[in-house]
Amino acid sequence: MSEKKILIVDADVASRNFIARNLLAQKYEVIQTGSGKEGLIYAWRDRPDLMVMDPTITDLTGEEVARKLKQDARTANMPIIALSSDPSVVRIKSCLDAGFSEYITKSGQAVPMLDETISRLLGITSAITKHGGMLMVFLSAKGGTGTSSICANLAMTIAQDQPEARVVVVDLVLPIGSIAPIVGYEGPQNIVTIADMLVDETTPEFFRDQLPELKLWRFHLLAGSPDPESSNHLKVGRIWDIVAALKESYDYVFIDIGRALSKIGLPLIQHADLVALIISTDISTVSITKTLLDYMKNKGVNAASIYTILNRAAGLEGLSKPDAEKALDIQIKAAMPYLGSSFAFANSHHQPFTLKFPNDTASFVFQETAKEMAALARTLRTE
Ligand SMILES: Nc1ncnc2c1ncn2[C@@H]1O[C@H](COP(=O)(O)OP(=O)(O)OP(=O)(O)O)[C@@H](O)[C@H]1O
Ligand SMILES: [Mg+2]
């Protein structure tokens, strides 16, 4: 299945040959060199899908190579794995800062770790390439800010606004998803059961035909983990090919990652078409959001793709929109009013807010926001 090309850069010939043999046996195409300078040339000329490099090479440091690759549009998205003979924490940090995706120390465990990391990162790259459906990732810095309710309602509004578009909502909030209870889905299928299926079974056609469709909500659902015990069994490594397959059969893939900025969340937000960041108006959420924004910036998330939604989830007290903008040093894109008990009411009746309360100001905010988000995602694709 894989004709993926991997570039190995390692000054130690024996080590390089050993890695190459292992990768060739897995049907990867392999190119290799012992020099950092040549590594750069090969990366730009041959456009490998991934690079494995021992950062202790000497003609250029691994960090220099990684920085150059990340700064060049041709290789900015290519994952780089450090397979290093230097186990020091200082080195690990400087490599990760320079743009390496992962750091593996050469040891007895290195080969299985390298194999797992390569298949995970290659899976991520195919899940995140900018083709197929739009990837709209919803998150917040703190829980209880309304992320799941807003995600489900905006997905519904986009589906309503674009009746020909196919929309799926995926709940990746661990340990317990909450989209299913909001939309009233009680079936047996969820992300844990789907990730347990064989790769060959979870094809784009499978997701197109077999995911439950919620008539009132106008989208298909890939429900979240139903309980913490199931969540412990989630095969996290499968997320990437699942997202890739979903993007092939849906025009919009909405993903609720809640505040789970884990190994799952980060690659998704780094490569989402749009990152919807839900901010509630209390001071502590705003200040943690600032930390989250700085972190995302640091991790190369395109600032233009971050769509901030201020949600007055906690009531009327708290910061105003200008206060929040000042504290965060960003412009807030949309502001959701306080809805009293009506949001919870719509949720507990498993109904989209805009259907239950079509004349409420918030319904107009949902409609405007949905249009704007879809338009922004389209614009960013064409840039
Ligand atoms: N603007 C609002 N006005 C009134 N209530 C709101 C508003 N936004 C959210 N809520 C209520 O806040 C509660 C939490 O919402 P929701 O579950 O969507 O948040 P969340 O950020 O996904 O939480 P979690 O961290 O548990 O995933 C719900 O009862 C919802 O109805
Ligand atoms: Mg939630």
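The values are calculated or read from the model by the stated rules, or taken from the named source; none is laboratory data. Since the model is a prediction, treat every value here as computed from it, not as a measurement. Cβ sites come from the backbone with ideal geometry, for glycine too, and all protein chains shown count toward neighbours. These area figures cover heavy atoms from the full protein model, side chains too; ligands, DNA and RNA do not enter into them. Shrake-Rupley method; radii C 1.70, N 1.55, O 1.52, S 1.80 Å.
Solvent exposure of the chain, expressed per residue, is 44 Å² of accessible area, with all protein chains present and a 1.4 angstrom probe. Excluding same-chain neighbours fewer than eight residues apart, the aspartates and glutamates reachable from Lys235 by a Cα-Cα span under 20 Å are Glu102, Asp115, Glu116, Asp171, Asp196, Asp200, Glu201, Asp227, Asp256. How would segment 1-133 be classified by its alpha-carbon gyration tensor: rounded, prolate or oblate, with rounded meaning a/c under 1.5 and the a/b versus b/c comparison settling the rest? In terms of gyration-tensor shape, rounded.
Computed over the alpha-carbon atoms, segment 33-83 gives an Rg to Rh ratio of 0.90, Rh here being the Kirkwood radius from the mean inverse distance. Based on C-alpha pairs under 8 angstrom that are at least 6 apart in sequence, the chain has a relative contact order of 16 percent.
For segment 323-383, the Kirkwood hydrodynamic radius from C-alpha pairs, put into Stokes-Einstein at 4 °C and a viscosity of 1.567 mPa s, yields a diffusion coefficient of 96 µm² per second.
Sorting 148-156, 38-46 by average packing, meaning the other beta carbons within 10 Å per residue, from highest down gives 148-156, 38-46. Between Leu380 and Gln109, take the C-beta separation as r, use R0 = 41 Å, and let me know the FRET efficiency to the nearest 0.05. With R0 = 41 Å, the Cβ-Cβ based efficiency is 0.55.
One Cα centroid belongs to segment 12-90, the other to segment 260-290; the line between them spans 31 Å.
For the chain, carbon and sulfur atoms together expose 55% of the accessible surface, with a 1.4 angstrom probe and every protein chain in place.
Once Rh for segment 175-332 is found with the Kirkwood sum over Cα pairs, what is the Stokes-Einstein diffusion coefficient at 20 °C and 1.002 mPa s, in µm²/s? Taking Rh from Cα pairs, D becomes 123 µm²/s.
How would you classify segment 120-232 from its alpha-carbon gyration tensor, with a ≥ b ≥ c the square roots of the eigenvalues: rounded for a/c under 1.5, else prolate if a/b is greater than b/c, otherwise oblate? Cα axes put segment 120-232 in the rounded bin. Name the shape class, rounded, prolate or oblate, that the alpha-carbon gyration tensor gives for segment 146-201, where a ≥ b ≥ c are the square roots of its eigenvalues, rounded holds for a/c under 1.5, and otherwise prolate holds if a/b is larger than b/c and oblate otherwise. Oblate, since a/c reaches 1.5 and b/c is not below a/b.
Of the GluC sites (Glu not before Pro) found in segment 150-229, those that fall in a DSSP loop while having at most 11 other beta-carbon atoms within 10 Å are Glu164, Glu186, Glu201.
The share of C-alpha pairs in the chain whose separation exceeds 35 Å stands at 30 percent. Pairwise Cα distances in segment 249-383 exceed 19 Å in 56 percent of cases.
Using R0 = 56 Å, the C-beta based FRET efficiency linking Val13 and Glu205 works out to 0.75.
Within a straight-line Cα-Cα reach of under 17 Å, Lys4 can be paired with the following lysines, leaving aside sequence neighbours fewer than 8 residues apart in one chain: Lys27. Segment 217-254 and segment 142-161 have their alpha-carbon centroids 16 Å apart. For segment 1-74, the normalised intensity computed at q = 0.16 Å⁻¹ comes to -0.51 (log10 of I(q)/I(0), Debye sum over alpha carbons, equal scatterers, no solvent). What is the total of Lys pairs in segment 289-383 with C-alpha atoms under 15 Å apart, excluding same-chain pairs fewer than 8 positions apart? Here the count comes out as 5.
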